[in-house]
Amino acid sequence: MRFDILTLFPDQVRSMLDASILERAQKAGRIIIKTHDLRSFGLGKHQQVDDTPYGGGKGMVLKPDVVIPAIKTICSQGDKPYVILMTPQGNRFNQEMAEQLSQHKRLLLIAGHYEGFDERIRDYVDTEISIGDFVLTGGELPAALIVDTVSRLIPGVLSDDSSEEESHTLKNELGERLLEYPQYTKPAEYEGKKVPNVLISGNHAKIAQWRQEQAQDKTKSRSV
C-alpha cells in the first residue's frame, strides 16, 4: 500500500514514520510512504502558499491555486489515490474507518496548517477526517497517526496476528467492538499481586472465555 502526504513540514512527518515497525515495513516493501513539500508548489519568488482571508479575520488561509495543483500532480503519479483532507471539521477517525481505508491501494493525506484551507479545495478530496474534538497546530500529527493505524492492518506489516486481539478490534457476539482484555507476563507474583490462575492453567478454552469476559467488562465499565 502507498501513502502520500502533502505537507509544509515533510521532515516532521518522516521523523514520526521512519522508525520501528513502519521503518521495517517500508524496507520490506509492505508499504510505501511518500512526502510532498507543499512549498515546492508555492507561487512567486518566495513560494507563497497562503494569503489573508477574504472578509477579514485572523490567520492565513492555504491558497487553492497552490493546494489544488499539488493534489492534481500527486494524483497523476501512479494509481489514483483516495484523497483525505485532515481537518477538525472532518469525520471522527476510528478503527472501523481505519479498516475501510486499508482496503485502498493508495491514500493521499493533506496536512493543513495556519488558519485552514480555502473552501474550494474541498471539491478535490474524497473525505475529511478529524482525530478528535480539538485543534492542533497542523495536520502532520493526525496524518501520521492515520498512516500508523492503517499500516498495522496491511498483511505482513506486523510479524504476527496481534492486531486481531487488540482494543477496538476485538468484538463480542453482536459484533460490537471491545477494549482489549488484561495482559500479564513474568513474574507470576510481584509485590503480592498474582497473575490470575486461569492464565497459567493451560486450559485454552477457559483462557479464551476469561479474556472475552474481561474485555466485555472493561468496555462496559469505561463506557466506550
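Residue-wise test of (1) of a type in the set (Asp, Glu); (2) buried (at least 20 other Cβ atoms within 10 Å of the Cβ); (3) touching a residue at least 60 places away in the same chain (Cβ under 8 Å).
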| position | (1), (2), (3) |
| --- | --- |
| Val66 | no, yes, no |
| Ala70 | no, yes, yes |
| Thr73 | no, no, no |
| Asp79 | yes, no, yes |
| Glu99 | yes, no, no |
| His104 | no, no, yes |
| Gly112 | no, yes, no |
| Glu115 | yes, no, yes |
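Identify the residue in the stretch 1-27 that is without any contact (Cβ under 8 Å) to a residue 60 or more places away in the chain and over 18 Å from His113 (Cβ atoms) and, among all such residues, is farthest from the chain's Cα centre (by Cα).
Of the residues in the stretch 1-27, the ones without any contact (Cβ under 8 Å) to a residue 60 or more places away in the chain are 10-11, 14-15, 18-20, 23-24, 26-27.
Narrowing the set further to residues that are over 18 Å from His113 (Cβ atoms) leaves 18-20, 23-24, 26-27.
Values: Asp18: 15, Ala19: 15, Ser20: 16, Glu23: 16, Arg24: 18, Gln26: 16, Lys27: 20 Å.
Of everything passing the filter in the stretch 1-27, Lys27 is farthest from the chain's Cα centre (by Cα).
Each residue in the stretch 83-126 was checked for being part of a loop (DSSP other than H, G, I, E, B), in contact with a strand residue (DSSP E or B) (Cβ under 8 Å, 6 or more places away or on another chain) and within 28 Å of Pro155 (Cβ to Cβ), and 5 pass.
Every residue, every condition in (1) assigned by TED's automatic domain parsing to the domain that holds Lys72; (2) modelled with pLDDT of 90 or more; (3) surrounded by 12 or more Cβ atoms within 10 Å (Cβ to Cβ); (4) not hydroxyl-bearing (Ser, Thr, Tyr), yes or no:
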{"residue": "Arg122", "(1), (2), (3), (4)": "yes, yes, yes, yes"}
{"residue": "Glu173", "(1), (2), (3), (4)": "no, no, no, yes"}
{"residue": "Lys193", "(1), (2), (3), (4)": "no, yes, no, yes"}
{"residue": "Ala205", "(1), (2), (3), (4)": "no, yes, no, yes"}
{"residue": "Gln212", "(1), (2), (3), (4)": "no, yes, yes, yes"}
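Taking Arg30, is it over 17 Å from the mean Cα position of the chain (by Cα), surrounded by fewer than 20 Cβ atoms within 10 Å (Cβ to Cβ), under 20 Å from Ser102 (Cβ atoms) and modelled with pLDDT of 95 or more?
Numbers: over 17 Å from the mean Cα position of the chain (by Cα): no; surrounded by fewer than 20 Cβ atoms within 10 Å (Cβ to Cβ): yes; under 20 Å from Ser102 (Cβ atoms): yes; modelled with pLDDT of 95 or more: yes.
No: the conditions fail for Arg30.
Screening Gly59 against (1) within 16 Å of Phe117 (Cβ to Cβ); (2) in contact (Cβ under 8 Å) with a residue 40 or more places away in the chain; (3) buried (at least 19 other Cβ atoms within 10 Å of the Cβ) leaves a single unmet condition, (3).
The values are calculated or read from the model by the stated rules, or taken from the named source; none is laboratory data. These numbers were taken from a predicted model, which means no experiment stands behind them. A quick note on method: Cβ atoms are made from the backbone with ideal geometry, for glycine too, and the neighbour counts reach across all protein chains shown.
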